[in-house]
1. For the chain, what is the accessible area per residue in Å², given a 1.4 Å probe and the full set of protein chains?
2. Angle check, please: helix 188-197 long axis (alpha carbons) against the longest principal axis of the chain (alpha carbons), in degrees 0 to 90, nearest 10.
3. Work out from phi, with θ = phi - 60° and the Karplus expression 6.51 cos²θ - 1.76 cosθ + 1.60, the ³J(HN,Hα) of each residue of region 316-328, listed in order in whole Hz, and give x for Gly and Pro.
4. Roughly how tilted is helix 110-123, in degrees to the nearest 10 and between 0 and 90, from the longest Cα axis of the chain?
5. Loop by DSSP (not H, G, I, E, B), at most 12 other beta-carbon atoms within 10 Å: where is the longest site-free stretch of the chain for trypsin sites (Lys or Arg not before Pro)?
6. Rounded to the nearest 500, what is the 222 nm mean residue ellipticity of the chain from helices alone, with -39500 (n - 2.57) per DSSP H run of 4+ residues and division by all residues?
7. To the nearest µm²/s, what D does Stokes-Einstein give for the chain at 25 °C and 0.890 mPa s, using the Kirkwood radius over alpha carbon pairs as Rh?
8. Just add up the charged neighbours of HIS366: K/R +1, D/E -1, any other residue whose Cβ is under 13 Å from the Cβ of HIS366.
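The values are calculated or read from the model by the stated rules, or taken from the named source; none is laboratory data. Given the structure is predicted, the values throughout are model-derived calculations rather than measurements. All Cβ positions, glycine included, derive from the backbone under ideal geometry; neighbour counts span all protein chains shown. Note: areas computed on protein heavy atoms with side chains; ligands, DNA, RNA excluded. Shrake-Rupley method; radii C 1.70, N 1.55, O 1.52, S 1.80 Å.
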Amino acid sequence: MKKIWASFLVMVLVIGVLAGCSGKEKSSADGKGTIKIGGIFDLTGGTGDVGTPYAEGAEAYFDFIKDEKINGYKLELIGDDYAYKIPEAQKMYQKLKSKDKVSGILGWGTGDTEALRQQVAADKLPYFSGSYSENLKDIKESPYNFLTAASYSDQARSALTWIKENHSGGTPKIALLYNDTAFGKSPIEDAKSFAKELGMEVVDEQIIDVQALDAISQLLNMEKKKPDYAIIQQTWGATATILKDAKKLGIDTQFIGLNWATGEGLIPLAGDAAEGFIGVVTHAFPYEDLPGMEEIKKYLEEKGEKLDDKNQKFIQGWVSAKIMVEAIKIADDPTTGEGIRKGIEQLKDLDLGGLAAPVTFTSDNHAGTGKIRLAEVKGGKFEVITDYISY
């Protein structure tokens with residue numbers, strides 16, 4: 001009899017250990033447990049200028065809701081810096097999946113997001129990236145990738161449409177300035193094709209490093225083609241270099257930057273060379289009076305911080321995290337990637353309080369919106385000059 005009881009106790013202990021090793025964190029008396037979301041961020045790499053405030057915004061949103069029960073669960077963001085290196089992103093992804101057992105991921109770059117998309121699909125982990133590559137729209141190739149802002153190609157198409165509608169004095173000539181990364185090259189072929197559709201000519205292309213401190217030779221080559229407009233696909237650092245060198249050379253081309261070229265961080269880097277620069281705006285500036293800004297302001301005040309000290313990329317990270325959480329709220333099973341994906345696909349005209357265009361996802365469409373605004377630097381500050389537009 002003693003042997004039977006001993007065997008029974010051993011069995012109970014084994015079952016308890018196995019239960020403790022499962023991917024789902026043990027539930028507590030006051031909730032169902034914790035759902036973990038991974039973060040793959042660039043803080044120190046080639047795009048860290050915009051990647052750092054984006055990561056801070058995402059982390060801030062998870063901190064903002066840390067005491068709430070979302071669909072009965074606590075939520076936790078586990079993020080780290082991969083320094084814009086694809087092999088590091090792959091290592092981090094494996095850790096988040098296997099060790100941390102996350103149910104979704106907030107990623108970052110185009111090169112790493114595209115490199116990971118087959119693994120993401122196989123592992124059924126919803127993936128919101130800071131990349132808005134057109135390639136990620138293909139649901140057959142990227143069934144677990146979601147775009148929370150207009151794709152780079154849609155941004156370029158909308159900018160070209162705006163040029164077509166607002167240019168006077170003949171057919172506008174276009175130049176394209178970008179870096180030699182998957183991010184830089186992402187919208188280029190689509191921009192050229194769409195410009196042709198609109199009857200406009202792309203007269204020049206120049207490759208400028210994402211961390212360039214000198215762009216004079218490229219700008220001199222561009223100037224020979226006399227473009228009316230130059231569309232920039234860069235982050236703040238290289239964009240500032242382009243604008244400063246263009247001012248030195250007396251180039252009067254109108255520069256228009258896509259979303260990562262745009263934002264407050266550009267202005268101190270470019271100085272007065274930023275005046276007149278037009279940028280694609282996918283997310284609100286902190287100084288805009290919008291309903292969605294109130295919760296951010298409240299959160300920051302509780303932390304002893306000020307909204308004035310944050311920038312648009314902080315808002316962008318906050319919004320990306322918020323959309324993921326909104327999906328978890330309505331998911332039938334928020335503990336699995338497959339369940340969260342179904343929750344995302346139920347989001348329809350999600351009102352973000354003006355912080356970004358409303359987003360809609362379906363089982364057939366993982367591009368949340370195609371809308372952008374444009375803003376111009378006037379008196380050392382970005383001023384929005386359009387409502388939400390699309391091509």
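1. Details: 17130 Å² over 391 residues.
Using a 1.4 Å probe on heavy atoms only, each residue of the chain averages 44 Å².
2. 50
3. My calculation for region 316-328 gives 4, x, 4, 5, 4, 5, 4, 5, 4, 5, 4, 5, 5 Hz in order.
4. It is inclined by approximately 30 degrees.
5. Excluding the exposed sites themselves, the longest stretch runs over 141-223.
6. The helix contribution divided over the chain gives -12500 deg cm²/dmol.
7. Working: Rh = 22.0 Å.
Answer from the Stokes-Einstein relation: 112 µm²/s.
8. Details: positive: ARG117, LYS137, LYS140, ARG341, LYS342; negative: GLU134, ASP138, GLU141, GLU345, ASP364.
Around HIS366, the surrounding residues sum to 0.
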